[in-house]
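The values are calculated or read from the model by the stated rules, or taken from the named source; none is laboratory data. These numbers come from a predicted model, not from an experiment. Cβ sites come from the backbone with ideal geometry, for glycine too, and all protein chains shown count toward neighbours. Heavy atoms of the whole protein, side chains included, go into the accessibility calculation; ligands, DNA and RNA do not. Shrake-Rupley method; radii C 1.70, N 1.55, O 1.52, S 1.80 Å.
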Amino acid sequence: MEIRSFGVVGAGQMGSGIAQVAAASGLDVVMSDINDDCTARGVQSIEKNLQRSVDKGKLDQETCRAIRGRISTTTRLTDLAGVDFVVEAAVEMEELKFGLFRELDTVCPDHVILATNTSSIPIGRIGAQTKRPEKVIGMHFMNPVPVMKLVEVIRGLRTSEETFALTWSLSERFGKTPAEAGDYPGFLANRILMPMINEAIFCLYQGVGKPEDIDTVMKLGMNHPMGPLALADLIGLDTCLAIMETLYDGFKDSKYRPCPLLRKYVEAGWFGRKSGRGFYQY
Ligand code: CAA
């Protein structure tokens, strides 16, 4: 099946990034969110990224205009009825995603693949909300989407081979390198990354190091492009907490216990870069 048009649910930092790479690969994109402010912020972020590439001479003005021209926005999920492939990139809340998949299942024609960018919720559980579990799959992008080369592809127990193959090749069309992960909480990326970030937060909580020192250790000692606390601020502390809770609930293993300091920051509204304050001030 040839994919020509692409729907994205959610215009946040992940959704808008996915819309950008899809449009850059030549697809017509419909990006939806709950209100005009959210879609406008998503479009603004895409335009900023594209303009930065133009300013650096990596993209010409005409291509930039063409990419932008392929992206339309909506606040109605029913406007995704005509697209060939959907990726859901809403916030990491299980009930919300379940509701979206139930709705997408009624809105989209039967042949359409419904992918989720969930960072940790089991694909099988999301697929079971629909009448097409064989067409539900995990397509997990990394933040910032336009820069990071990986897409984790996760099939649920009932995902078909055809759905998997199409999602894999679409990831490649987006200029990404796909890797397959099993359908267990956190898949591969977050199963490995989040405990490291959580441990860095425990180091801060227990006074073993200051944020700058913790991050310097991992940046210069392990050649990570950014330290774990700065990365947590980039990902969003609410997302980090949600992923740790999914790991903790899913495995019932105390090694995934979210650090109390992480919870405290989230409860206080310190979500990282997006709220202006996390482990650092922005
Ligand atoms: N959106 C788009 N492009 C961005 C960007 C953003 N938010 N931030 C940086 N870039 C681009 C820059 O424009 C620049 O592009 P060019 O190479 O074309 O010039 C490039 O990225 C490098 O940026 P900078 O020179 O400004 O800064 P840097 O070299 O420090 O790189 C970084 C920034 C790419 C974010 C780098 O620090 C990095 O790779 N950090 C780690 C990111 C990471 O681990 N992401 C995974 C998070 S986990 C996840 O996403 C999964 C999950 O479910 C939570």
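Please name all residue pairs, on different chains or six or more residues apart, with Cβ atoms under 7 Å, provided the first residue is in the range 102-124 and is more than 28 Å from L188 (Cβ to Cβ) and the second residue is open to solvent by 10 Å² or more (accessible area, probe 1.4 Å) and not in a loop (DSSP other than H, G, I, E, B). Listed pairs, sorted by first residue: E103/L77; V107/L77; V107/T78.
Checking I113, I126 one by one, the residue that is away from the ligand (no atom under 16 Å from the Cβ), of a type in the set (A, V, I, L, M) and crowded, with 18+ Cβ neighbours inside 10 Å is I113 and no other. Scanning the range 129-164 for residues that are within 16 Å of the ligand (Cβ to nearest atom) and among the aromatic types (F, W, Y) gives a single hit, F141.
Just name the residue that is farthest from N35 (Cα to Cα) out of those in the range 77-105 that are acidic (D, E) and open to solvent by 20 Å² or more (accessible area, probe 1.4 Å). Checked the range 77-105; the qualifying residue farthest from N35 (Cα to Cα) is D84. Is the range 127-137 home to any residue that is under 18 Å from the mean Cα position of the chain (by Cα) and in a strand (DSSP E or B)? The answer is yes, given that some residue of the range 127-137 is under 18 Å from the mean Cα position of the chain (by Cα) and in a strand (DSSP E or B). Pairs are defined by a Cβ separation below 7 Å, a sequence spacing of at least 6 or placement on different chains, a first member in the range 236-249 that is of a type in the set (S, T, N, Q), and a second member that is within 10 Å of the ligand (Cβ to nearest atom); the pairs so defined are T239/E92; T239/S119; T246/S120; T246/G186.
Only a single criterion out of (1) more than 25 Å from E94 (Cα to Cα); (2) touching a residue at least 12 places away in the same chain (Cβ under 8 Å); (3) in the same structural domain as G127 (by the TED database) is not satisfied by W168, namely (1).
Within the range 49-76, restricting attention to residues that are farther than 20 Å from R4 by Cβ and touching a strand residue (DSSP E or B) at 6+ places or on another chain (Cβ under 9 Å), the residue that is most open to solvent (accessible area, probe 1.4 Å) is R76.
Going by the conditions given, is K48 more than 23 Å from R132 (Cβ to Cβ) and either out of contact with any Lys or Arg (no Cβ under 9 Å at 6 or more places or on another chain) or away from the ligand (no atom under 16 Å from the Cβ) (or both)? When the stated conditions are applied, K48 passes them. Tell me which residues, restricted to the range 23-43, are of a type in the set (S, T, N, Q) and either in contact with a strand residue (DSSP E or B) (Cβ under 9 Å, 6 or more places away or on another chain) or touching a residue at least 60 places away in the same chain (Cβ under 8 Å) (or both). Selection gives S25, S32, T39.
Of the listed requirements (1) touching a helix residue (DSSP H, G or I) at 6+ places or on another chain (Cβ under 7 Å); (2) open to solvent by 50 Å² or more (accessible area, probe 1.4 Å), A165 misses just one: (1).
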